[in-house]
Every structure is written in structure tokens, then in C-alpha cells.
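Remarks on the structure that follows.
Any read-out appearing in this document is the output of simple, stated calculations on the displayed coordinates, not a laboratory observation. Please read these numbers as outputs of a predicted model, since none were measured by experiment. Here the Cβ is made from the backbone with ideal geometry for all residues, glycine too, and neighbour counts use every protein chain on show.
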Protein chains: 2
Amino acid sequence: MYRSHSCGELRAKDINTEVTLSGWVQKVRDKGFVVWVDLRDRYGITQLVFDEERTSAEVLEVARTLGREFVIQAKGKVIDRASKNPNMATGDIEVLVHTLNILNEAQLPPFTIEDETDGGDDLRMKYRYLDIRRNPIKEKLMFRSRVTMEVRNYLSGQGFIEVETPYLIKSTPEGARDFVVPSRMNEGEFYALPQSPQTFKQLLMVGGLDKYFQIVKCFRDEDLRADRQPEFTQIDCEMAFVEQEDILNVFEGLTKHLLKEIKGVEIGSFPRMTYDEAMRRYGNDKPDTRFGMEFAELNALAQQRDFNVFNSAELVVGIAVPGGAEYTRKEIDKLIDWVRRPQVGAKGMVYVKCNEDGSYKSSVDKFYTQEDLAAWAEATGAKAGDLICILSGETSATRSQLSALRMELAERLGLRKPDEFAPLWVVDFPLLELDEESGTYHAMHHPFTSPKPGQLELLETDPGAVRANAYDLVLNGNEIGGGSIRIHDSETQAIMFRHLGFSPEEAEAQFGFLMNAFRYGAPPHGGIAFGLDRLVAILGGQETIRDFIAFPKNNSGRDVMIDAPAPVDAAQLKELNLKLDMPS
Amino acid sequence: MYRSHSCGELRAKDINTEVTLSGWVQKVRDKGFVVWVDLRDRYGITQLVFDEERTSAEVLEVARTLGREFVIQAKGKVIDRASKNPNMATGDIEVLVHTLNILNEAQLPPFTIEDETDGGDDLRMKYRYLDIRRNPIKEKLMFRSRVTMEVRNYLSGQGFIEVETPYLIKSTPEGARDFVVPSRMNEGEFYALPQSPQTFKQLLMVGGLDKYFQIVKCFRDEDLRADRQPEFTQIDCEMAFVEQEDILNVFEGLTKHLLKEIKGVEIGSFPRMTYDEAMRRYGNDKPDTRFGMEFAELNALAQQRDFNVFNSAELVVGIAVPGGAEYTRKEIDKLIDWVRRPQVGAKGMVYVKCNEDGSYKSSVDKFYTQEDLAAWAEATGAKAGDLICILSGETSATRSQLSALRMELAERLGLRKPDEFAPLWVVDFPLLELDEESGTYHAMHHPFTSPKPGQLELLETDPGAVRANAYDLVLNGNEIGGGSIRIHDSETQAIMFRHLGFSPEEAEAQFGFLMNAFRYGAPPHGGIAFGLDRLVAILGGQETIRDFIAFPKNNSGRDVMIDAPAPVDAAQLKELNLKLDMPS
């Protein structure tokens, strides 16, 4: 038996007990006549003590040789600690060691195993097993485990069945790029790894399972942006005989359950907002509603003067920045530079300072009167001391630019508080999205999403105007879940595929199994999927998702620790009937 | 709202309640003036009634058009049922329908949606979504979900953390063939899909997580035998600071928990048996101990006469078949044919009938006296009325043949009772296994398994004799779990790789990350993995695993429903830098 207790367990009541502990050496303090060792395991730290009076010379000698991260087993007696440490759970006691075994030695770790480490990102990833020993990372992994357990508890309690769907499936042309897997048993053919279990969960509804969920890995072979992984985890759910209202209720319940059980936060009914309203008020379909700074459209107020920039703009829109009137000219110039960065893309920014004396000072003073500016202040809700930032141009681009500015300023002003939670349902998404480049429409959610009742005909005349039974759950400015009521009859599904540019033959070849299933009695159904990585990160305080993943990949899709992906040998390629066309 | 109640919910107390039900039409009985419809959903069946007196003509007309598996919504009043059906949970009531909506029509299903269907295996797989509507399959999927929930409940309660390990990893040369995934971002390189998360869970132990589990898909690109899947699910567990005894205790606890919660069966301490003993007593390292028929080695009793077949054999071994003395000559000949089939491989079989009058009749009467045969009967435990079956030859082949015969006869005799559970720990497995063809050793469990303490030197002189800290959990003749205490220092791991034929360079290239991790303070650790598919099937009554998998693959690794794997187009291959060398 390696241990009788964990390193986080012993208390004053255990004094005089004979114990065996195992763990890692966190720290050795050698004061000559006495040596203290902090022994660490997952559960905590316990102080071991060795001294010349009470410890045998041999054991004391071994204790002096211990290095950081050595794995040891210590046997001894729990004793009262002279200088108690109230910041440590085990701070009332220490263990006077009489037997010490080194279970494994350790080289000096490449970075310190402390809450604040000196290891950079790459080094920590390469030695992820050492990084995980650090409290902040260990706790994040435990936190993730707790979140998934609570998700399962809630959904099981609601009658959901967890069903495993296959990982080796068929490639589909819609959505992101698939990872493919050559099949040795079926030459020249490939499996694909699922981007989501979408069609399978719909088949389970056709199969009568009524309420399905699964916490499942999904895969997308996309070029990686920061903080995005080629494999990610989804809480995937589907229900039969439901309308949108039913889904929103069940998953509002799940989210409340998590906020309560995990964060101790109780929240009432989640507000709802249409996609159009979210775009109008926040320029964003996943607005952070923890703070105001709502958009005010100023066309009517700003286009009656001689300022051509505004007059020629499709949209003139502003926000009030609390306390922004204090910004220096230099700070405002920097802000203007910020909105003009290519990532944001605005041409410029008009500002109005709302002075404490009730006067206004703007960058367009020669075009507008104090009364004009006062009207803008009223529209944006700006008070004395605030700054109004105004962008103008094409509606959708301008909204997106101002939304970026709003989020950036909120971040700088500390308004995005990690322990405050503002959930929001965004509903009535457009069914289709126009791809500007190709001039064709593609599904905004996915091709199985149903249009709003009665809007099927509108597809023929004004596809962009059709709204879908689709909804997103937004938390603190992040989309944490999204779903829709699905099409459940093969005729509507065929119409949908046609509008997405599939020929009937292509639709049949790719999705024949699903449309066929719909012909044998498919119930009305719908569902939702949550991005677990993002959800966990936000619940855990909105840090990067990477820390909550045990073995993440870097931005090249590479696991730096195990050096994957890697070349495979010629024999294996031959067996798979593959040739590599290596760059020469 | 599609329904106020499920189809399994209404009882006599609900009489006079106005309800809305939705579901599938199981059956329509049209008696002219009255039409009964059995409406089915996941939760049960409720009888709907329409009659000329109380139902409007239009609704009655629609009811008459309903076909099997139509999806409908019915509104009406719960009424007392004239002829109650005590076999149905809802058999006291029926619903008198006043409003009927057809939500979706259905083509005639290709097989009947009944507990006993007329659909063959292939047809049921092709229309798996219809198969799942059948109670036996639906209940198996629900059963699987319940088992996994109970596994999680137990392990969470024991302090295990569920950690997701990556699916896109690096190919390893050990074990079965890997599925590989070409990487677009890293040209010429491939990920592999994991055969198990073995090295990752060991890294988590190095990382101090102490107790890890995961219910996880694993992948093996093997030619498929019946009832084996290229993707399968594992309950994967690892613990630090443990000896074999600790692991056996925790996972005996898990198994007891499942037997109790799922099957209502309470079982005491699980028996333990060494690998050598299991081979000697049952010819098998996963013996079914629900019944006797143990092996009796008869060399000493059978090799003192003139029967050369026995005299020249390394092993003469028999079992007693209860009631087998009744077998006719023809039946016994068939049994002999059975053991001589190539799949079994015996040359022949000697038998002894233990007659009710105390006499013996054998196929070797001219070599052996009645006293000889009586001694065999005593050794095998055969009683009057039993049949002794004896095989002989090289030890390991003969044991395996007799084991096959024992299992076959037990099956025929109904001794393998699906509701009886006989768990067994098999321990002290050999560390290495000799590959007869190549003359080289490979790891019996895997290359990370530690030899028994003090046996490292024996590796140099007699590798086949070294025993491992490895154990299997056997349930009813199936290995449901297997694991080991791992090597946790890089020196021992290097010695192990050398014995498995790796050069130091190969070992470093493949497993350098693990051996490196061991140098930074790896704790002693060990674990176990359960095959979830098999475990669920055995708990569910030992049927084929396929029924417990929502979307299984056939023996060609093909999902017949979605027609995967499938060819991918040239553009995709080009992007992946792959060429296919199609057979011409």
C-alpha cells in the first residue's frame, strides 16, 4: 500500500496517527538541524519534517538529497505544527518521518511547478504532463470533468438517452473540410470523421428514441485560428415532437442548472432577441449583454447637414463610451487607428466628447451644432463625461466594425466581468446566407434547418428574407450553443437541397439515406449542440479554451508533445493503396 | 405543443382528462362503426378510439386512412376502456379522439416493427432507424445508456476525473493496425486514430491527476470477424500510487455496483485464479465458471497401457458431460466430427459412457479395463449417466480444443445461463508471448506492462517464464476488462522495448515522449480498460454486441445504411497530396 492518506487530508484530529503518504517533492528547506519537505499530490500539500533529534541519520541524509519533483513515500507520525499555516488545509500539522522511500527520481523540470510558472506556452505544451501538475491546469481539468458530469446528470434526469454515434462515417460536401480516413478493407474508399453527429441524431429521432444526447468529439480540417482545435467536443442533443419553445425551455434549464451547480449563480428567465434586433442593437449575433453601450442609429439626426461622409452612408451608428470624454487627443487617435486596422476595417471614426459643463466637442464641429450633438447624446444615452464613437458606411460592415469597437472598449473598461453571467437566446436567424463571392446561398445553420412556417414559398422569390426556426444560446458574448427545428419531410428537404445548389442526383447520393428515412414516418424534431470547450472556458472565467483541454494541439494542428502528425512508412501506404505526391 | 402526455403515461386516474398524444401508428383495427388505433412512442402504447356515434365523420374518415408507422397527433378525452388489457401499462383506458392531425405519412416499412420481426439482419441494418423503433433494440440502446451512467456515477463517487484524450494522435508500431488520417496542414504526414488512450492516461498519471477515467471510442483497422467492430468503446481507467491489489478492489467494486444497480444481483468477493491455473483447469484464460466440467489431466492414469495415441501425447485431458451417457452412437460421431472441424482442430476424441448400472463403455475398451475407466470417471468427476470426453496431443493445442468442446457442450446443455453471473479475476499473466512463426516475443498485454517484482533478470534467460503484474476480469467466459501495473521508470521501459525487438533509436522515436516523461518524476501507476460493447452485451443477456450499438458496421467495415466508406473526389485527394493506386 503506497499511502494511508492523501496529502490534502490530515488535520489536527489526526495528531499521533501513524500515516503513510506518497507524492511529489514540492520544496525542500534544509535548515541544518531540521529539514522540511512539502509533499504534494492531487489533493493538497502536507509538510514533512526531519530533524537531527528525532530522525535517524540515514533518513535525514536521504531527505537532504531530495530534489524538486522527486516521487517519494514517507511514513511517520502526525504531530502538532509549531508555526501553523492558516492558508493551508493541512497547516495545523506536519508529519515527523521515520521511513523514507524514493519511488522515482526526477530531473530538474524545465519550468517551475507553481501556480505562476516561468514556462512559456510552447514549453508548457511540450511538457504538458508537468504543466498538468500545476494547480491552475489541474483544477481546470477537474472543473471540465465536473461540468460534463453535471450535464449528464441534468439530461439523464430529463429522460435523455446517451447514444454513441459512429466516428467512421461518410464524407459530406456541406460545411467545413472533412478529415478522411482511407479504408484498407474497401480499396479506394475513405471514411470521414464527423463534423457533428447531425444526421445520425436525426435518424435516432426517426427511430423513436425521443430524447437523445451525447458528449462527443467532432472534427474539422480547417486552417486553425488562435484558440481553435481541429478536434473539439460537443454536447449534442435532439428531441422529437418539439417546437422551438420546448427546446429553449429544456436547454435554458440545463444552462441554469450548470450556472447554479457549478458557479452558485441563480438566473431568472433568459431574455430573447431576434437576430435582426441583435444586429441592430449590438451589430452582432452573439452580443455581450453584461454591459450597455448599445447602438444608436443616427441617420435621421446626422444626415440633415453638409457632412458628406454621413450623407452618403447607408448607416450612421454610434455608441456611448462611459467616461470616454477624458481621453486625450492622442488616446482618441489611437482608437481611430484601432478601428482602421485591417482586422476591423473602418475608414475612420467620428467622436463627440460630452463635456462635464454640458457642452460638446466633436471631430465634426464645423458641420453640426451643439443641438445636433445633444440629440446624438440623447440617442446614444451618452452622459456628461462620456465619449460618443460614430462609424458610418455600408450597414452590415459598419455594424460589425462598431461591434468590434464596443467589445474592445468594454474589455479595456473592465466591463466584461468573468463572474457575471448574461445568457441570451438569439432567435429567428436567416435561413440562408448569401456568399458574396459566388453569389450563391448557403445554409446559415445547416441544410437540415426548417424555414419558419409559411415561408417556404418565399424561398423562391426572396431567399435572403426567409427566417429559420434556428436559435443560438449566447453567454457573455460567446455563442455557446446553437440549434434548430429540423425539416422532417423529404419534399421540403429536397426543396432545400435544390436552393443550396444540389442537383437531385447529388442530393440523393449524399443524403439519400436521410431523405429515405423521412419517408418512413419521421416525427417533427429539433435539437441543439453546445461547444463544450467554449462553455467550460466561459464558466471557468473566460480564459482560453486550450487550458481546459488535457492535450491540445497548436496552431499547426500539431501535438508538440507526441510530435503528431508524423510520416508513416511505405509499407503502410502500400497497404492502404495510397501514394504520396511529396513536394520536390 | 405536440403532446400533453407520452403514450406510456395515462392510467385510470386520468379518466375524463383532455389530452394530446403524438406518436406512430402501431396498428389500426377498423370494425366498421368503430376504429381502434394503437399509438406508440418511446414510452409505450395507448389505444385511441374513434366511433360513428362519438367521433365526427371527417375525423373517422381520416382515421380509416391511417397506415402503419404514420406519425400522428391526436387530441381527445381519456375514457374507461370496455375490455381492459392487463398486459398493457395503459390497458385500463383509451382516448376518445376528437381531433386528428397526420404529422407525417409513412411508406410501408420493409419489415414489421414488432418485437419479433420478419426483417433479416442486412435489411434491419440498412433501415436501422426502423429497427431502432422495435422494443428489443430500443431497450438495448437505453440499457447501454444506463450502464454508462452507472459507470460514471460509481467512478465519480470514487474520485475519478474524466479526461478527454486526443483522437488525432501518432501512429505506433505495436498492436493492431492503425487507421491513419492524412494531414492537410502538414504535408506528407498522418495522424493515427487511437487503439486506446494508453500512453495519454499514463502521462496523466505523470501529471498527478491520480485517478483518471474516460469512456472513449477506440479504433483498430483489423479484418473483421463476426461481432467485432472497427470502432469500439472502452471504459478506460488509470490510478497512481497503486499496487495490483488496489486496482482489483476498485474495479471489483465497479463491477459489483453494475451487477447490483443494473441486474439486481449481489455477488460476494470475486474469486481469483492464476493464468496457469485457468489454463490447467479450463484450457482457457477466460473460463466460464458458471458451470463445472473442469479439466482432469489423465496422463498418469491413461499412459500406463498400450494405447499409443495417449502414450505419445504430451497431454491427455478429459471432461465429464452431465447426462451425456444418453447420447446415441450417431450423436457421439457428430461430436467427434465437431472437434475435428478445422476451427477446433482435434485429431479425434476418446469417449467413455458412464452407464447407470455402474459399468463403463468406451471407444478404447480394448486398451483399458473397467477399473481404468472408473479411475478416469473419478478424476473427471463423472457420475453414472455422464459422458467423459478425452482429447490428447500437444498441451496448449489440446487444452484449447477441449475448452472449445466444453463451451459448446455447455451451450447445448443450457448451462450458460444469461441471468447468472460468475465474475473471476485471472492474474499473473505471462509478460511475453512467443510468436511461433517469427520466433520472437511480443508483449501479451502491451509493452508498458511491468514484470512481477524481481523477475526483470529472468527476462534475459527465460523470457517466456516471466510473469506480469497483469490481470483480466472475466465474466461468464468473456474477458470484460484487462489491465496491468505499468512500468514507471525509463530504464525498465528501455529494457522492455529491447526485448520486444526495438532498437534504442526506434524506441526513442516512437516512445521518447513517454520515457522522457518518466524522467521527471513518474509515480507508480496502473490501470484497467473494459470493453464497453462486450460488458453491456453480457449484462444484457449475452447477445451479440451489434444490437447494443446504434449504428454498427458489417463485417466489411461498411455502414450499410449510409454507404460508408465511399470514394472521395480528386480535388480532395489533391489537397491532401494523395494519389490512389487503384487496381487496374
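Values as computed for the structure displayed
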| item | result |
| --- | --- |
| Signed unit charges on C-beta, dipole axis of the protein assembly as shown, positive-most listed residue B:THR328, A:GLN542, B:HIS442 | A:GLN542 |
| Dipole magnitude of segment B:469-584, debye to nearest 20 (Cβ charges: Lys/Arg +1, Asp/Glu -1, about Cα centre) | 60 debye |
| Inter-copy separations for A:GLU491, label at 7 Å along Cα-Cβ, nm, ascending | 7.9 |
| Quotient of Cα Rg and 2.2 N^0.38 Å for segment B:12-104, N being how many residues it contains | 0.97 |
| Residue of chain B nearest the B-to-A rotation axis [by Cβ], rounded angstrom distance | B:LYS579, 2 |
| Sites matching GluC sites (Glu not before Pro) across segment B:106-141 that sit in DSSP coil, with at most 12 neighbouring C-beta atoms within 10 Å | B:GLU116 |
| Relative frequency of Cα-Cα separations exceeding 56 Å in the protein assembly as shown, percent | 30 percent |
| Estimated 222 nm signal from helices in chain A, with DSSP H stretches of n ≥ 4 weighted -39500 (n - 2.57), rounded to 500 | -8500 deg cm²/dmol |
| At most 13 other Cβ within 10 Å, DSSP loop - GluC sites (Glu not before Pro), segment B:297-353 | B:GLU314 |
| Debye, to nearest 20: dipole size of segment A:1-155, +1 on Lys, Arg Cβ, -1 on Asp, Glu Cβ | 580 debye |
| Value of D in µm² per second that Stokes-Einstein yields for chain A, Kirkwood Rh from Cα pairs, at 25 °C (0.890 mPa s) | 86 µm²/s |
| Exercise: per-residue mean of other protein chain Cβ atoms within 10 Å, B:156-167 | 6 |
| Counted charge near B:ALA566, where neighbours are those whose Cβ lies closer than 9 Å (Asp, Glu -1; Lys, Arg +1) | -1 |
| Rg and Dmax of segment A:425-584, Cα atoms only, in Å | 21.0, 58 |
| Within 10 Å of each Cβ in B:124-133, the average number of Cβ atoms from other chains | 5 |
| Segment B:339-470 - Kirkwood radius from inverse mean 1/r over Cα pairs (Å) | 18.3 Å |
| Estimated FRET transfer efficiency (A:GLU460, A:THR395; beta-carbon r; R0 22 Å; 0.05) | 0.30 |
| Taking all pairs of distinct alpha-carbon atoms in segment B:291-412, Kirkwood radius in angstrom | 14.1 Å |
| Relative contact order (percent, whole number), chain B, Cα cutoff 8 Å, 6+ residue spacing | 13 percent |
| Estimated FRET transfer efficiency when R0 is 60 angstrom, pair B:ASN87-B:LYS579 (beta carbons, to 0.05) | 0.45 |
| Segments A:447-456, B:438-447, A:433-442 sorted - mean Cβ within 10 Å per residue, highest first | A:447-456, B:438-447, A:433-442 |
| Efficiency of FRET from Cβ geometry, A:SER556 and A:ILE79, R₀ 56 Å, rounded to 0.05 | 0.60 |
| 20 Å Cα-Cα reach of B:LYS347 towards aspartates and glutamates, excluding residues that sit fewer than 8 places from it in its own chain | B:GLU297, B:ASP306, B:GLU314, B:GLU331, B:ASP333, B:ASP337, B:ASP365, B:GLU394, B:GLU408 |
| Straight-distance crosslink candidates among lysines, where the alpha carbon sits under 19 Å from B:LYS263 and sequence neighbours closer than 8 are dropped | B:LYS138, B:LYS140, B:LYS417 |
| Segment A:570-579 - phi-based ³J(HN,Hα) in whole Hz, Karplus 6.51/-1.76/1.60, Gly and Pro as x | 4, 4, 5, 4, 5, 4, 8, 6, 10, 10 |
| Fraction in percent of alpha-carbon pairs per bin - 5 Å, segment B:236-340 | 2, 9, 11, 13, 17, 14, 8, 8, 8, 6, 3, 1 |
| Distances in nm from B:GLU505 to the matching label points in the other copies, shortest first (labels 7 Å along Cα to Cβ) | 5.4 |
| Evaluated at q = 0.17 Å⁻¹: base-10 log I(q)/I(0), Debye formula over Cα of segment A:22-67 | -0.44 |
| Unit charges on C-beta of K, R, D, E only; dipole of the protein assembly as shown, Debye | 1320 debye |
| Cross-link reach list, lysines versus B:LYS574, counting only Cα pairs under 27 Å and skipping chain neighbours closer than eight places | A:LYS170, A:LYS217, A:LYS553, A:LYS574, A:LYS579, B:LYS170 |
